[in-house]
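To keep things clear, I will list the structure first and then write my remarks on it.
The values are calculated or read from the model by the stated rules, or taken from the named source; none is laboratory data. Computed from a prediction, not measured in an experiment: that's the story for all the values here. Cβ atoms come from the backbone with ideal geometry, glycine included; neighbour counts cover every protein chain shown. Remember, those area values only see protein heavy atoms, side chains included, never the ligands or the DNA or RNA. Shrake-Rupley method; radii C 1.70, N 1.55, O 1.52, S 1.80 Å.
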Amino acid sequence: MLAILQTLLQYIINTLARVVGVAIFLLVITVLLIRLFGIDYKPYLSEAGRIFSGARVVDFQEAFGGHSNIRVCDVLRTDTDGDGFNEWLVYYQFDANNQKTWKDPCPSSAPMAAAIYDNDRGSPPILFPYKLQPPDRDFLGEGNVSVDFQDIVDNYGAPTTNPIPELIFKGEGKTTYMTIFKFQQNTGTDENPTDAVPRYRVLGSFTGTGGVEFDPATKAVTVYDRGPFERSQLAVKKVYKLHGDGNNKTYMADITATSLAAPVVSTIDFGIPPPNEIKNAAYPEKILLAFYKALTASSKQGWVPADFVAPNSEAAQHLQQKDYAYFGFGGSGNPTNLVVRQLQYYPAIEQLPGNGDNVRRSRVDIDADAKQNGQTISSGLISYEMVLVNGQWKVNRRLN
């Protein structure tokens, strides 16, 4: 009898080992297939959870009524209002314009929106959506949207003294979107939920064709617009900072405005990191911009102004004499803190001239400000002749 039991036990153990082995093998194969084909598995996990839980798991796609114009893309459980409970942050597409597939249930290019569902009102509680609405009924991005949490301003009407981080949404696409929302207590605990006064109000809403960056140290937001300078990858760089008092600080014109306050700085700069070998840059406008940044000590790369002027040229002579007035800064002292307001270039001129000297020329115009002894000096619009010397564009002389 004991031998029979031992045999049976051994059989059960071997069978379980095989089952576990097969399960592990199938799991490994499934993970490899997901990685190989880039399958978004989250919708399938959500559906499986709904089925196996007997519909006790909330399916937000189902809650939206299967609306064909809306696709739920992701659900993130996180505490967005500092009450210790993880709300439901629901990402969804609207105006869906591509057919979803088993690989990509939320095809990119459709506008992306989000809402936070909370259950802190009512008994039994109401699952109420607080929409994260950018100004002018805009959206959070096209395709992928991510969220970051940063403590930017003090609490506003919140029932806790603990910091409640702001929500920073960054959306990718042909344009980069960044929208910052701040929690505000818009109803009492004994009142019905409402979003007539937004529970998550807009602290700042930014778009840039060259990117948008948030600096946690300074809380400044930098927007790059590459539209006017696509060939040379330069950009109009705008820096926005908080203004206002206490918990009413905002990047907008005021706390109820739908437009941004004016940037504290607006300048033309490199839209992406400049070339490692800046002297060999292919476009003369990059060279002139680098020269002015070097001239005004506005470059962190340690560039030297003389590297960007043609040897023995008119520009080189004035640079050697530290004649800053020649370059538009007629005040006293070394110029600093460059702000470029205008930069124009003329590709049609970049060809061999007909005067027989076999020198390739171009023209670049610049209008800039700089500080000299604490005073802002404006250069006005200056036109420069640029020449190609040993394969490198150089500043040759002023044309006006």
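Only one of the numbered conditions (1) out of contact with any Asp or Glu (no Cβ under 9 Å at 6 or more places or on another chain); (2) within 22 Å of Gly227 (Cβ to Cβ); (3) hydroxyl-bearing (Ser, Thr, Tyr) is violated by Tyr346, and that is (1).
If the condition is being at positive phi and either assigned to a strand (DSSP E or B) or at pLDDT below 95 (or both), then region 374-398 contributes Gly374, Asn390, Gly391. Residues in region 218-237 that are acidic (Asp, Glu) and crowded, with 17+ Cβ neighbours inside 10 Å: Asp225 alone.
Selection over region 151-186 of residues that are at pLDDT 95 or above and more than 22 Å from Thr256 (Cβ to Cβ) gives a count of 1.
A single member of Asp136, Asp118 is open to solvent by 50 Å² or more (accessible area, probe 1.4 Å) and closer than 21 Å to Val197 by Cα, and it is Asp136. Inspection of region 344-357 identifies at least one residue that is among the aliphatic types (A, V, I, L, M) and farther than 24 Å from Leu234 by Cα.
Among the residues here, Ser299 qualifies as buried (at least 18 other Cβ atoms within 10 Å of the Cβ) and either part of a loop (DSSP other than H, G, I, E, B) or free of Cβ contacts under 8 Å to residues at least 12 places away in the same chain (or both). When Lys371 is evaluated against the numbered criteria (1) under 25 Å from Gln233 (Cβ atoms); (2) part of a strand (DSSP E or B), which criterion, by number, is the only one it fails? All conditions pass for Lys371, except number (1). Among the residues of region 359-373, those that are open to solvent by 20 Å² or more (accessible area, probe 1.4 Å), more than 34 Å from the chain's Cα centre (by Cα) and at negative phi comprise Val359, Arg360, Arg361.
Where strands (runs of 3 or more DSSP E) sit wholly within region 144-209, those with at least 3 residues that are over 20 Å from Ala115 (Cβ atoms) occupy 200-208. Checking each residue in region 251-263 for being touching a Lys or Arg at 6+ places or on another chain (Cβ under 8 Å) and at pLDDT below 95 picks out only Ile255.
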